[in-house]
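Here is the structure we will look at.
The values are calculated or read from the model by the stated rules, or taken from the named source; none is laboratory data. The model shown is predicted, which means the values in this text are computed figures rather than measured ones. Note that we place each Cβ from the backbone using ideal geometry, even for glycine, and neighbour counts take in every protein chain shown. SASA here: full protein model, heavy atoms, side chains in, ligands and nucleic acids out. Shrake-Rupley method; radii C 1.70, N 1.55, O 1.52, S 1.80 Å.
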There are 2 protein chains.
Amino acid sequence: MTSSDEIVQYPKTGRFLAGRLRHDMSEGEKAELESLVGEIQTFGDGHRLIARGDVCNCSTMLVEGFMLRTLESEDRRYGVSFHVPGDFVDLHCFALKRLDHNIDCVGPTTIAQVPHSAIAEIMKNRPHLARLFWFSTMLDAAMHREWIMKLEQLTAPKRIAHIFAEIWRRLEMVELGFADGFETPLRQADLADMCGATSIHTNRALADLRNKGIADFQRGEVRIPDRERLERYGGFTPDHLYGDGALSFRLDD
Amino acid sequence: MTSSDEIVQYPKTGRFLAGRLRHDMSEGEKAELESLVGEIQTFGDGHRLIARGDVCNCSTMLVEGFMLRTLESEDRRYGVSFHVPGDFVDLHCFALKRLDHNIDCVGPTTIAQVPHSAIAEIMKNRPHLARLFWFSTMLDAAMHREWIMKLEQLTAPKRIAHIFAEIWRRLEMVELGFADGFETPLRQADLADMCGATSIHTNRALADLRNKGIADFQRGEVRIPDRERLERYGGFTPDHLYGDGALSFRLDD
DNA sequence: CGAAAATTTGACGACTCTCAAGTCGAGTGG
DNA sequence: CCACTCGACTTGAGAGTCGTCAAATTTTCG
């Protein structure tokens with residue numbers, strides 16, 4: 001079953017763990033997950049779905065669009081991670097109760113939410129599904145770690161190359177990438193927040209990537225002539241995404 | 001019951017979640033956790049307990065000492081987080097199967113391990129304890145996020161101030177801090193790995209902190225004259241540790 | 001004591017920030 | 001249709017932070 005079929009059958013949750021452990025979910029589990037989520041909600045660019053410190057009684061499945069996890073300090077916003085459709089964005093707060101960070105929409109966004117009481121039931125009665133939920137939050141943690149290393153290692157142009165490479169791969173996992181790049185609602189200022197640079201420096205870094213022929217970012221249209229070159233420049237390896245790579249979840253060894 | 005009493009009664013796991021949700025654990029749960037862990041093992045400085053990509057069949061409780069989570073890239077080691085006694089260091093790999101990062105000992109280290117089969121039983125039969133385990137891994141993720149923001153925001157001296165502030169607080173939570181600072185097996189090169197700077201620059205940053213009277217690091221002895229000043233300089237707030245602060249897990253609101 | 005490891009210092013160039021200004025594109029009112 | 005406007009993007013100059021290369025000093029330990 002391809003991801004497109006999954007979306008037809010499970011319109012709100014069909015992308016959850018696609019390319020990762022979705023193949024490990026039974027149809028019963030997929031159906032149960034789909035039945036847990038509430039009705040579709042939509043938000044516009046810049047909407048802050050959850051603010052740091054809010055008590056959460058439900059968690060959010062991102063159905064369409066793009067979201068940023070952010071933290072604020074001294075009047076500046078810092079991106080700590082991003083989300084694409086199929087991500088169970090704030091499952092964390094089931095365990096944490098209060099979120100330590102904000103969840104911001106970038107561009108038009110469609111979500112569906114799951115009450116925590118339903119997740120608590122899953123914890124009691126569906127240990128396998130519960131373990132997949134846990135896995136999903138651990139994926140976020142692994143991505144955080146990779147990003148920490150890259151922040152410690154890379155200059156701004158390479159950070160951006162890494163971000164582009166990761167967005168592209170993750171969009172592809174949920175069948176939303178193109179052969180030669182991807183589209184994103186991110187603006188230069190958002191990219192700046194994500195890589196911890198000023199928007200001025202980010203602009204120069206993007207010009208760098210364009211001049212080098214590595215990536216051409218023009219108002220959300222990202223064209224990448226040579227994927228291998230982009231990934232090499234940004235020091236990107238997809239292992240931490242736990243798809244079909246060196247770290248993939250295989251039970252046979 | 002103070003943390004010291006807990007250590008007498010539960011010598012291997014008595015510091016788990018101390019200062020956080022330990023108060024939410026029943027004596028039965030504490031006893032069960034203590035019974036799950038195997039015998040004490042010790043390792044010396046620099047020992048790599050788990051290497052990226054290893055298949056893990058057990059997880060590690062850090063009993064005494066200090067550990068770093070690290071990633072390697074282009075022949076350099078990067079610290080992504082650190083661990084103090086009481087941390088369930090690699091509970092992540094119960095969900096991930098293969099760890100994306102290394103677990104390195106710093107200085108002499110004492111651990112005890114729990115087989116994953118035992119954790120799977122907990123998932124089936126003890127949903128509350130399972131949720132605490134999940135919480136513990138989410139704490140790590142929250143600390144990752146805070147560190148991402150600080151890497152994006154701070155210069156090297158301030159990063160080090162932040163690291164010192166966090167180590168001190170976390171040691172205090174498990175009653176291992178002193179009134180005027182703390183001891184750590186970390187060397188300057190380890191600190192450099194942790195903040196993504198060269199050891200030369202780290203050395204200058206430490207000299208800065210010493211000259212400013214903010215923190216005096218001398219071969220693992222860290223003396224801090226004024227905690228408030230250290231925390232202000234490093235932009236440190238303890239909220240993301242989920243102790244008794246703005247984000248603490250309270251069921252009453 | 002002697003060797004290895006850890007720490008410290010100096011000089012110079014690259015990366016990034018700040019302040020300041022200028023350009024481009026989409027939508028609006030005349 | 002065109003001038004206007006606002007937000008997004010682009011460019012320039014000077015200063016601070018940090019990396020690299022090279023070397024010296026101090027500490028640890030056999």
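A few remarks follow.
- Scanning the range A:3-52 for residues being aromatic (Phe, Trp, Tyr) and more than 20 Å from the chain's Cα centre (by Cα) gives a total of 0.
- Residues satisfying the stated conditions in the range B:35-90, i.e. crowded, with 17+ Cβ neighbours inside 10 Å, within 27 Å of A:PHE236 (Cα to Cα) and away from chain A (no Cβ under 14 Å): B:LEU49, B:MET67
- Boolean, A:GLU231 is more than 14 Å from chain B (Cβ to nearest Cβ), within 19 Å of the chain's Cα centre (by Cα) and touching a residue at least 12 places away in the same chain (Cβ under 8 Å): no
- Filtering B:ILE200, B:ILE148 for residues that are within 13 Å of DNA strand D (Cβ to nearest atom) and free of Cβ contacts under 8 Å to residues at least 12 places away in the same chain leaves a single hit, B:ILE200.
- In this structure, A:LEU132 does satisfy being open to solvent by less than 10 Å² (accessible area, probe 1.4 Å) and of a type in the set (A, V, I, L, M, F, W, C).
- Looking across B:MET123, B:MET138, one residue alone is farther than 30 Å from B:SER199 by Cα, without any contact (Cβ under 8 Å) to a residue 12 or more places away in the chain, more than 16 Å from DNA strand D (Cβ to nearest atom) and under 16 Å from the mean Cα position of the chain (by Cα). It is B:MET138.
- A single member of B:ARG169, B:ARG187, B:ARG159 is within 11 Å of DNA strand D (Cβ to nearest atom) and farther than 30 Å from A:ALA192 by Cα, and it is B:ARG187.
- With respect to being surrounded by 19 or more Cβ atoms within 10 Å (Cβ to Cβ), at pLDDT 95 or above, within 16 Å of DNA strand C (Cβ to nearest atom) and within 14 Å of chain A (Cβ to nearest Cβ), B:ILE167 falls outside the description.
- Failed criterion for A:GLY181 (all others in (1) more than 14 Å from every other protein chain (Cβ to nearest Cβ); (2) within 14 Å of the chain's Cα centre (by Cα); (3) buried (at least 21 other Cβ atoms within 10 Å of the Cβ) hold): (2)
- When A:ARG210 is tested against (1) more than 10 Å from chain B (Cβ to nearest Cβ); (2) away from DNA strand C (no atom under 16 Å from the Cβ); (3) over 29 Å from A:SER4 (Cα atoms); (4) in contact with a strand residue (DSSP E or B) (Cβ under 8 Å, 6 or more places away or on another chain), only condition (2) is not met.
- Residue match in the range B:151-158 (condition: surrounded by 21 or more Cβ atoms within 10 Å (Cβ to Cβ) and away from chain A (no Cβ under 13 Å)): yes
Yes/no per residue for (1) within 13 Å of DNA strand C (Cβ to nearest atom); (2) more than 14 Å from every other protein chain (Cβ to nearest Cβ); (3) farther than 28 Å from B:HIS47 by Cα:
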{"residue": "B:PRO115", "(1), (2), (3)": "no, yes, no"}
{"residue": "B:ILE119", "(1), (2), (3)": "no, no, no"}
{"residue": "B:HIS144", "(1), (2), (3)": "no, no, no"}
{"residue": "B:ASP190", "(1), (2), (3)": "yes, no, no"}
{"residue": "B:VAL222", "(1), (2), (3)": "yes, yes, no"}
{"residue": "B:ASP226", "(1), (2), (3)": "no, yes, yes"}
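- Residue within the range A:216-236 that is at pLDDT below 95 and at negative phi present: yes
- Of all residues in the range B:230-253, those satisfying the criterion of being farther than 21 Å from B:LEU176 by Cα and open to solvent by less than 90 Å² (accessible area, probe 1.4 Å) are B:TYR233, B:GLY234, B:GLY235, B:ALA246, B:LEU247, B:SER248, B:PHE249, B:ARG250, B:ASP253.
- Taking first residues from the range B:92-104 that are at the interface with another protein chain (Cβ under 9 Å from one of its Cβ atoms) and among the acidic types (Asp, Glu) and partners that are outside any loop (DSSP other than H, G, I, E, B) and open to solvent by 10 Å² or more (accessible area, probe 1.4 Å), the Cβ contacts under 9 Å between residues at least 6 apart in sequence or on separate chains come to B:ASP100/A:ASP239.
- Being more than 12 Å from DNA strand C (Cβ to nearest atom) and on the phi > 0 side of the Ramachandran plot is a description that does not apply to A:GLY196.
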